[in-house]
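Presented below is the structure to which this report refers.
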Number of protein chains: 2
Amino acid sequence: MSDRLVGDLPVRDAASVAADIPADAALVVSGFGSVGYPKLVPLALADDERDLELTVVSGGSVGEEIDVALVEADAIARRYPYQARPPAREAVNDGRIEFHDRNISTLGDDVRFGHLVDADVAVVEALAVGPDWLIPTSSIGQTPAFVEAADELVVELNRSVPESVRQFHDIYRTELPPNREPIPLTDPGERIADDRITFDPEKLTAVVESDRRDQPYEFRDPTDDDQAIAANLGAFLETEVEDSPLFEDSLRIQFGVGSLGNALMGALGDADFGDRDLVYFGEVIQDGLLDLLDDGDLEAASATSLALSREGQDRLYEHADRYAEDIVLRPADVSNNPALIDRFGVVGVNSALEVDLFGHVNSTHVNGTYAMNGVGGSADFNRNAAIAVLALPSTAAGGDISRLVPMVPHTDHTEHDLDVIVTEQGVTDLRGNSPRETAAALIENCAHPDFRDALREYFDRGLDHGGHIPHDLETSLDWHTDR
Amino acid sequence: MSDRLVGDLPVRDAASVAADIPADAALVVSGFGSVGYPKLVPLALADDERDLELTVVSGGSVGEEIDVALVEADAIARRYPYQARPPAREAVNDGRIEFHDRNISTLGDDVRFGHLVDADVAVVEALAVGPDWLIPTSSIGQTPAFVEAADELVVELNRSVPESVRQFHDIYRTELPPNREPIPLTDPGERIADDRITFDPEKLTAVVESDRRDQPYEFRDPTDDDQAIAANLGAFLETEVEDSPLFEDSLRIQFGVGSLGNALMGALGDADFGDRDLVYFGEVIQDGLLDLLDDGDLEAASATSLALSREGQDRLYEHADRYAEDIVLRPADVSNNPALIDRFGVVGVNSALEVDLFGHVNSTHVNGTYAMNGVGGSADFNRNAAIAVLALPSTAAGGDISRLVPMVPHTDHTEHDLDVIVTEQGVTDLRGNSPRETAAALIENCAHPDFRDALREYFDRGLDHGGHIPHDLETSLDWHTDR
């Protein structure tokens, strides 16, 4: 491919494109894991002098051009299903933006069905575009579903992304139910489709040329807690792969987005899984995975986003041909597909804000009220994984707050789904436990020693009341109301 | 098939079989929807004079021979994943039985993987048995997975179940991950397998002959509330099938187990879906479905259990040849399979104990502590349905208690999954709503008028605190602690 802009396309500047977008339009935008999102059209909308009341739907996390600039311009009325920048978060919590928090795996369907939003304009970043096709940049996310669902299509052609990135893409699409076929993927590393999204050429109303780079993740260095969690997780997995018939030849695994997930990925190379292949089937490629690939510890990696640091991006782009032998990027409704997570028997490893004594998990709302980012794909993996692992430090705020609490004030994942909890203190295997057994084990194995007595006191009060989940309702939320 | 007992099998009496079962054995038993469970061996175990500490795992709900007799004999130490009889419930809540509550769809896998229990003996009801095969009776449930996983197999050959029941069975099996193939079902009514479960003949240690009938469900007559909920649900669905591209030719639907679900099924014949076929893809066949089939309103019905009343059983058995043209019974890991629910675009309709202002649902634990039956398949359908509907009366206890509450003290289903809430008062469509919008709509549309002022007062207090989910934590559980 010598030219990234193929055919006689309506190339326009961002300001004129923005001016044509209705003030109350529903925009569905590319982007996932902070990369691959459109930049110039959102910035132009932020500069637009009209009173905008946009609905903005992204596949996942996007950059400041959307969740800072558009928010500060007071241009977003509704936002689905994930945001990860402070100004968007503040607006969501103040009630200035109506925010609806959905699972990643089903969001594309929600938009295609027209059940969540009537999509007016898809604004999508591409590394190449033709009259009826485009090739996404550093994430696929829900872009194929959004392009299909929207009435109009605006493409931001970004020449800062190397053309070689297209080698990672495998963009399989499903029919609408009830005639939906199973996804014919038999292995996480397999390729079953093309590198491009096709569309009705009538839809393409503008191509905006861009060379503005993503604002990707910044991962902190692994902390002592991260390393202790990684060691505990590794020891658990070493035993598990020996005991379970699921792991005779390989271990398929997913890690959540963020610094802890990144650190856990990177540390997995230290565990001893015998002759077994390690295979990643998850949502994002983070820097830790590149380390595993470089060391020959990882067989293949499937995801929907190159959620790398700037250094990770540069490293990947420089050796794209080599990495593309092992890395596949898929649409988010494939990377997070419940059926595939089940069929591959994935071990899901995700973090959270806090977990209670009985295995209920709060991923999204501080004190049950204040929204952080969104549930993302954590429920897709917790719900469908062969083994769902919650990995988190036992404390927050420099040790002042316990992440193991009497009762979570908001539940994103239930005890029906979760299998194992790992902290820097140790491991609790919940499988087959009653809630009472889980509570006793969590206090002794996973809680920070500074909080064990207080947790024991709460549990004893609960036992005085009785019940299958022996809560003392009167004091169950005291740890949250006292903050 | 002229003889139900084929070959030279080890026919024995129940007492001698029971005596050979180790006192701390893990038993995996047939049964789902209160039918198809073993009866004589559990009764013999209840009469056994040893101190038994059994683990008992069933596919779903079973009868008094297990969850009353064995419980009253103090013979059960652990019970998974569902119970629905008062003595078992009391023991679970008193802490005398360790109970672990899992989703239906994955329970068979949990047992096959050895992750939940190391299954010693499968005790399984059959209508016919040979040296290496058996044909289940009135439910399939997790019996195929249990027979595969257990070291030994005991079959209760029940001649009270007509041989014609085998016509309903379609027992498809999956491989273990990571080599699991997609289930090749393209339509809820299709047949893809055989009527029998095969096993290693070395496993079969006993056949016990029985003519003891199931103790099936008793459905109450529909109440005024049931009928009002059915009318509101019907009106919602009539609009939805016109608006959504999912329902051009047909509506695929599931209803939860119980009297309300049964009433909603039966009332669906009154709704006008134009030329669309109505197809049932759920967990249980209840009496209401027979009415729809008799009236020609239902194209096909797929489930895992004939959870009928005694009258329903008699009616089905009398015309089994005719009903078997439209009714298919599958293993519970097929009937509740996430991938199939997704591929068929099922509308899931389930009930619960209560729901809070922000769309979190408590299905299982009164006051967050006291276990009722178990989550059953409700999360399988809520999580994977194209549209997840919660249908429940707005009040309980003769109107004294609101089922719409400020905060649920236990969450089985989250706002990330739920789409629509229907009470006898009206309908709230949650799709695309922020939590604040959901709360306002639920109070006005779905709450009972007697409780609207109190709910408004709570919501106002929450708004004073702010946040995406504006709770007033201090008073959030007052409605439960004041009971």
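The values are calculated or read from the model by the stated rules, or taken from the named source; none is laboratory data. Here the structure is a predicted model, which is why all the values come from computation and not from measurement. Note that each Cβ is placed from the backbone with ideal geometry, even for glycine, and that neighbours are counted across all protein chains shown. These accessible areas exclude ligands, DNA and RNA; they are computed on the full protein's heavy atoms, side chains included. Shrake-Rupley method; radii C 1.70, N 1.55, O 1.52, S 1.80 Å.
At a glance:
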| item | result |
| --- | --- |
| Cβ-Cβ FRET estimate between residue A:463 and residue B:220, R0 fixed at 35 Å, reported to 0.05 | 0.45 |
| Amide hydrogen neighbours beyond the local backbone of residue A:405, cut-off 5 Å, H modeled | A:355, A:356, A:357 |
| Shielding by partners - mean other protein chain Cβ count within 10 Å, residues of B:176-188 | 6 |
| Whole-angstrom Cα spans of the range A:247-334 along principal axes, big to small | 34, 28, 27 |
| Relative contact order, percent, the range B:14-210 [alpha-carbon distance under 8 Å, six or more residues apart] | 21 |
| Mean projection area, nm², convex hull over Cα of the protein assembly as shown | 36.1 |
| Cα-based convex hull volume of the range A:130-219 per residue, rounded to whole Å³ | 136 |
| Solvent-accessible area per residue, Å², over the range B:285-341 with all protein chains present [probe radius 1.4 Å] | 29 |
| Amide H contacts of residue A:11 (H built 1.01 Å from N, under 5 Å, at least 5 apart or other chain) | A:207 |
| Normalised contact order of chain A, rounded percent, pairs of Cα under 8 Å and 6 or more residues apart | 14 |
| In Hz, Karplus ³J(HN,Hα) per residue of the range A:222-235 (6.51, -1.76, 1.60; θ = phi - 60°; x = Gly, Pro) | x, 7, 4, 4, 3, 5, 5, 4, 4, 5, 5, 5, x, 5 |
| At least 40 Å² accessible surface lost relative to isolated chain, residues of the range B:367-387 (1.4 Å probe) | B:369, B:383 |
| With Cα atoms, 0 to 90° folded angle of helix A:435-445 axis to chain A main axis | 90 |
| Exam field: residue A:213 pseudo-label spacings to other copies (7 Å along Cα-Cβ), nanometres | 7.7 |
| Accessible area that becomes buried as A packs against B, both chains, 1.4 Å probe, Å², nearest 100 | 6400 |
| Antiparallel DSSP beta bridges within chain A, as percent of all bridges there, nearest 5 | 25 |
| Partner chain coverage, peptide B:100-109 - average Cβ within 10 angstrom | 4 |
| Kirkwood-based Rg to Rh ratio, the range A:380-483, C-alpha trace | 0.94 |
| Residue among B:131, B:241, B:171 farthest towards the positive dipole end of the range B:129-257, charges placed on Cβ | B:131 |
| Cα gyration tensor of the range B:305-380 - equivalent ellipsoid semi-axes, whole Å, descending | 30, 18, 11 |
| Computed helical MRE - 222 nm, chain B, DSSP H runs ≥ 4 contributing -39500 (n - 2.57), nearest 500 | -8500 deg cm²/dmol |
| Note, ³J(HN,Hα) from phi for the range A:22-27, Karplus 6.51, -1.76, 1.60, rounded to Hz, x at Gly and Pro | x, 4, 10, 5, 9, 9 |
| Filtered trypsin sites (Lys or Arg not before Pro), the range B:27-105: DSSP coil and at most 16 other beta carbons within 10 Å | B:50, B:96 |
| Nearest-10 value in Å² for the accessible area of residue A:457, using the 1.4 Å probe | 110 |
| Equivalent ellipsoid semi-axes - Cα gyration tensor, the range A:224-481, angstrom | 33, 19, 16 |
| At least 30 Å² accessible surface lost relative to isolated chain, residues of the range B:435-483 (1.4 Å probe) | B:436, B:437, B:467, B:468, B:469, B:473, B:474, B:477, B:481 |
| Where the Cα pairs of the range A:152-285 fall when distances are cut into 10 Å bins, in % | 9, 25, 29, 24, 11, 2 |
| Probe 1.4 Å, accessible area per residue of the range A:1-89, Å² | 35 |
| Shape metrics for chain B, restricted to C-alpha atoms - Rg then Dmax, Å | 22.6, 76 |
| Distant alpha-carbon pairs in the range B:299-345 (separation over 15 angstrom), percent | 52 |
| Whole-Å semi-axes of the range A:14-210's equivalent ellipsoid (Cα gyration tensor) | 26, 19, 16 |
| Convex hull of Cα atoms in the range A:431-483, direction-averaged projection (nm²) | 4.0 |
| Surface share of carbon and sulfur [accessible, 1.4 angstrom probe, percent] for the protein assembly as shown | 41 |
| Surface accessible to a 1.4 Å probe, per residue, for the residues of the range B:180-230, Å² | 56 |
| Angle between chain A longest axis and helix A:449-465 axis [Cα atoms, degrees, rounded to 10] | 80 |
| Long-range amide H partners of residue B:57 with built H, under 5 Å | B:27, B:28, B:29, B:80 |
| For the protein assembly as shown, share of DSSP beta bridges that run antiparallel, in % to the nearest 5 | 25 |
| Other copies of residue A:296: label-to-label distances in nm, shortest first, labels 7 Å along the beta-carbon direction | 7.2 |
